[in-house]
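Heads up, the thing below is written out as structure tokens.
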Amino acid sequence: MKKWPLNENLLFALTSSPLSRQTKLSNFHTKAYHCIQQLRNCKDFISATLAHSNVLKCGFLNDTFATNHLINCYVRLQEIQDAHQVFDEMPEPNVVSWTSLMAGYVDVGQPKMALWLFWKMPGSSVMPNEFTLATVINACSTLADVKVGRRIHAQVEILGFRSNLVVCSSLVDMYGKCNEVDEARRVFDIMDSRNVVSWTSMITAYAQNAQGHNALQIFREFSSLTLDHPNHFMLASIINACASLGRLVSGKVTHGAVIRRGHDSNDVVASALVDMYAKCGSVSYSENVFMRIPNPSVISYTSMIVGAAKYGLGKLSLNLFKEMIDRRIKPNDVTFVGVLHACSHSGLIDEGLEHLKSMYMKHGVLPDAKHYTCVVDMLGRTGRLDEAYQLAKSIQVESDEGALLWGTLLSASRLHGRVDIAVEASKLLIESNQQVAGAYVTLSNAYALAGEWENVHSLRSQMKRTGIYKEPGCSWVEIKDSTYVFYAGDVASCPREREVMSLLRELEERMKERGYVGGSMGLVFVDVEQEAKEEIVGLHSERLALAFGLINIPKGVTIRVMKNLRMCRDCHEAFKLISDIVERDFVVRDVNRFHHFRNGSCTCRDFW
């Protein structure tokens, strides 16, 4: 039986006669037990207030142990103000009281209040424990506030918790969410012992910071060094890493682990699988996973809507959205990004504008910069550049949002030969100090298409003079469990170089027999040397990857190529012709979307 702190009831019991004392002690413990059980079983605010009244009537309000249960009850029901009031009325709150209230504020989305309580704590005689520290570190994670996180880390060192499993796992998670992956790794490396939570935190840190290769490496270490089994959080992070890398084979292996561990019905894992298959160009697999989810949530629906949109299946995305609404699942802001993206990539302008209007009026979701950027993209793709430009100018955006907005308008104006808008968009993009190299290159291409060669050479000289270089074209293809990377124009490092070049020359001749003229499609003129001139077009990174795939991947298996930049029109035309010549299916994932080439055509219908 729990040893209770002394209070008035217990003192009265102890000073009574032996028989009476034993009876009263028994009654006291029975009442206390029933009060605590009542608090634990509360399901709503009314039952909590009744239990609170019972605690008061039984005289337990000054008992720290009982009052902590009352605080926990209010915290569990997210009645944080009532929890705080109980805390303020406690004569001697202990570390559990402080920590419970801090955790409550983190749970209701008020992490700053949790930090305020932590900094107030030294004024009491109570010292934080490992759970207190983990709670305030989680508050920093929620805020992505690395400055305060480092102050808490210093307190961890001072208080002697630098090797504590719970605290260090929280620190790894915090640094990961603050994009400080190297610091997360330093904490992880000094840990004396690790559990599945700490391993998951490190894997997630890498996966969320575009370091999928490192995430997979850590997962391999976990599998070989420990006897623990991965939980659903770890598996979801690994699936996300595979998605970002386009590693379909690794994603399928992880899917197998999900099924073996019985996590395939978990909504978070299933949504990650839907997203992964879509990003790896297997939207049919995405549909299969989605259809098996018993009760798909807004996350699952959104993943499927976005995946179909990227694949050019706009009607499927809109049908899924309608089905979601019919099932009374409330869409969020990301859902609408997917819907507008679907309309943009499928030329569904009227539908897209209707969905924009309905966002707030029907669904209570206020459109923001990312939604309007989708609409600018949607208008720009269909040549309605003046409307797109006017809309872009009317939007209030932060610098990072502005970079996406003006970059979108710049690409559309280059595509349709509107040099006037391209010049204005590129200036604003350069002023945002983001995507500067891309802005110069795209503007240069717009000038080249308009025949303004003097401006082309002037921009090219300016780039060289200021040391601005565009990211080189890079593509990769996965064969079995290996990834092969190809860079534009870099034949020397290309595996099976002679065979690849021989095949490309042969394909070039066969395409010319069908009327193909290389370099006639408004190619990237200033793609900083690599993918610039006609004689190098055949050495674009995606062509090298495709040729390597044709040599090494058996007929009947779809060749999947990932690219870090937008696919150029010339390569797009070439891939259509090659798919017909060799009678193979190719899927290319570029920075914007998927292209599925089959029988001389592409799923994008030349609209991307």
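The values are calculated or read from the model by the stated rules, or taken from the named source; none is laboratory data. Just so it is clear, the structure is predicted and the values come from calculations on it, not from any experiment. When we count neighbours, we look across all protein chains shown, and the Cβ atoms used for this are built from the backbone with ideal geometry, even at glycine. Ligands, DNA and RNA are excluded from the accessible area calculation, which covers all protein heavy atoms including side chains. Shrake-Rupley method; radii C 1.70, N 1.55, O 1.52, S 1.80 Å.
Report, please, the projected area of the chain averaged over directions, based on the convex hull of its C-alpha atoms, in nm².
The orientation-averaged projected area of the Cα hull of the chain comes to 33.7 nm².
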State to the nearest 20 debye the size of the charge dipole of the chain about its Cα centre, where the only charges are +1 on K and R beta carbons and -1 on D and E beta carbons. 1300
quick note, the chain, DSSP beta bridge pairs, % antiparallel (nearest 5) is 80
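Rank by packing, highest mean first: peptides 205-211, 547-553, 415-421, 226-232, with packing defined as the count of other Cβ atoms within 10 Å averaged across residues. Walk me through the numbers on the way to the answer.
Working: 205-211: 21.4, 547-553: 19.6, 415-421: 18.0, 226-232: 14.7.
Ranked from most to least packed, the peptides come out as 205-211, 547-553, 415-421, 226-232.
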To make sure I understand the rule: partners must be aspartates and glutamates, Cα under 12 Å from the Cα of LYS177, and not fewer than 8 residues away in the same chain. Which ones qualify? ASP145
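Once the Cβ-Cβ distance between VAL485 and ASN62 is put in as r, and R0 is 51 Å, what FRET efficiency do you end up with, to the nearest 0.05?
Working: r = 68 Å, r/R0 = 1.33.
The pair VAL485/ASN62 has a calculated efficiency of 0.15.
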Label zone at GLU452, where the point sits 7 Å out along the Cα-to-Cβ direction: the stretch 405-421 residues whose backbone N lies under 12 Å: 414, 417-421
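Charges at C-beta only: +1 for Lys and Arg, -1 for Asp and Glu. How large is the resulting dipole of the stretch 267-337 about its Cα centre, in Debye rounded to 20?
Numbers: 8 positive and 6 negative charges, 23 e Å.
Using only the charged Cβ atoms, the result is roughly 120 debye.
Report the calculated FRET efficiency for VAL196 and ALA492 (r = Cβ-Cβ distance, R0 = 51 Å), to the nearest 0.05. Don't skip to the answer; put the middle values down first.
On the way: r = 44 Å, r/R0 = 0.87.
So, using R0 = 51 Å, E works out to roughly 0.70.
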For the stretch 295-352, state which trypsin sites (Lys or Arg not before Pro) are in a DSSP loop and have at most 15 other beta carbons lying within 10 Å of their beta carbon. ARG327, ARG328
Give me the percent of the accessible area of the chain that comes from carbon and sulfur atoms, probe 1.4 Å, all protein chains in place. 52
At R0 = 51 Å, how high is the FRET efficiency between GLN390 and ARG328 if r is their beta carbon distance? Nearest 0.05 is fine. 0.90
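Answer rounded, prolate or oblate for the stretch 473-522, using the Cα gyration tensor with square roots of eigenvalues a ≥ b ≥ c: rounded when a/c is under 1.5, else prolate when a/b is larger than b/c, else oblate. Kindly include the intermediate steps, with their values, before the conclusion.
Values: a/c = 2.19, a/b = 1.81, b/c = 1.21.
It comes out prolate by the Cα gyration axes.
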Net charge within 15 Å of ILE203 by Cβ-Cβ distance, Lys/Arg positive one each and Asp/Glu negative one each, not counting ILE203 itself? +1
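Find out how many positive minus negative residues lie around LEU225, taking Lys and Arg as positive, Asp and Glu as negative, among other residues whose Cβ is under 15 Å from that of LEU225. Intermediate values should be presented prior to the final figure.
Details: positive: ARG194, ARG220; negative: ASP189, ASP192, GLU221, ASP228.
That works out to -2.
Summing -39500 (n - 2.57) over the DSSP H runs of n ≥ 4 in the chain and dividing by its residue number, what mean residue ellipticity at 222 nm do you reach, to the nearest 500 deg cm²/dmol?
Values: 31 runs with 394 residues, N = 608.
It lands at -20500 deg cm²/dmol.
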Label point at GLN217 placed 7 Å out along Cα→Cβ; residues across the stretch 462-501 whose backbone nitrogen lies under 17 Å: 482-485
VAL517-ILE158 pseudo-label distance in nm [points 7 Å out on the Cα-to-Cβ vector]: 7.5
Dipole of the chain (Lys/Arg Cβ +1, Asp/Glu Cβ -1, origin at the Cα centre): which of LEU577, TYR389, MET121 lies farthest to the positive side? MET121
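Where does each of 162-169, 357-364 land if you order them by average Cβ count within 10 Å, highest first?
Numbers: 162-169: 19.9, 357-364: 12.6.
Averaged packing, sorted descending, gives the order 162-169, 357-364.
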Sort 149-159, 589-599 by the packing proxy (mean of other Cβ within 10 Å over each peptide's residues), most packed first. 589-599, 149-159
With each pseudo-label sitting 7 Å past Cα toward Cβ, what's the ASP44-GLN110 distance in nm, one decimal? 2.3
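Cα-Cα over 30 Å: which of LYS310/LYS576; LYS357/LYS393; LYS362/LYS576; LYS322/LYS576? Numbers along the way, then the final one.
Details: LYS310/LYS576 19 Å; LYS357/LYS393 19 Å; LYS362/LYS576 42 Å; LYS322/LYS576 33 Å.
From LYS310/LYS576; LYS357/LYS393; LYS362/LYS576; LYS322/LYS576, over 30 Å: LYS362/LYS576; LYS322/LYS576.
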Here the net charge surrounding GLU351, from other residues whose Cβ is less than 13 Å away from its Cβ (Lys, Arg +1; Asp, Glu -1), is +1
